[in-house]
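Report on one structure; see the data block that follows.
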Amino acid sequence: MNKQQQKNRRIILLLFAMSVIPFLIAWYLSVNTNWLGGGTNKGELINPPLTTEFDEFVGYDQFSKENMQELKGHWVLVNIIPGKQCEQACREALHKSKQLRLMMNKDLTRIRRLVLLLQPVEPARASVWWEDDSRLLRSNPQDSLIQKIKQIRQKMPDGMLLLMDPLGNLMMQYAPGFDPYDVKKDLGKLLRISQIG
């Protein structure tokens, strides 16, 4: 075999490798997603997202009953109060979500806040938790929603924050003690690319 044929054969093999290797790498990464590394999100994705129905959110007080429809078509910061007490972590999370919504500036109108009381609480006790927060929606979730939330974590800790998209999907969670600036970064990215809400 002469030198020209060897050179042609090497070129053909190189072209073949250049066209096949990227497809093999892409296939391998699609099968082994853990090799892709972490995303840029600061919160933990709920995978798959939990789909809720808007009628699963029952207004806790008169204000919430009258305004619960505001959840539809908006991004929602969902604070969880798992028990009959709202301890320090819970109160801090409520305050952080209030400040977070204000930090969103021009996107403020696209975001709503909701607190889910997973257990019945006396109104006199609960009103102390949000006494200076007149725009906070409050809900006693239906049992079906409580069961969905337990799929995320069996025992919800005080101070947990969930993010719900405009279609009612719980899609991201933040552990107690979350940094509101981290949530702001995630929410800002979602709002930039969102075609809804």
Listing SER19, SER194 by rising number of other beta-carbon atoms within 10 angstrom, fewest first, gives SER19, SER194
Going from the fewest other Cβ atoms within 10 Å to the most, one would list LEU190, LEU100 as LEU190, LEU100
Calculated FRET value between LYS155 and GLN88, using beta carbons and R₀ = 25 Å, to 0.05: 0.85
Where Lys and Arg each count +1 and Asp and Glu each count -1, what net charge lies around ARG192 among other residues with Cβ under 12 Å from its Cβ? +2
Around LEU145, what is the net charge, scoring Lys/Arg as +1 and Asp/Glu as -1 over all other residues with Cβ under 13 Å from its Cβ? -2
Relative contact order of the chain: what whole-number percent is it, with Cα pairs under 8 angstrom and at least 6 residues apart? 31 percent
Relative exposure of ARG153, ARG138, judged by other C-beta atoms within 10 Å (fewest first): ARG153, ARG138
At R0 = 25 Å, how high is the FRET efficiency between GLN147 and GLN195 if r is their beta carbon distance? Nearest 0.05 is fine. 0.25
Assign unit charges at the C-beta atoms only (+1 for Lys and Arg, -1 for Asp and Glu), then state the dipole size of the range 1-158 relative to its Cα centre in Debye, rounded to the nearest 20. 1220 debye
The answer for the net charge of residues other than ASP179 whose Cβ lies under 10 angstrom from its Cβ, with Lys and Arg +1 and Asp and Glu -1, is +3
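No lab work stands behind these numbers, since they all come straight from the coordinates. What you see is a predicted model, and the numbers here were worked out from it, not measured in a lab. Note that we place each Cβ from the backbone using ideal geometry, even for glycine, and neighbour counts take in every protein chain shown.
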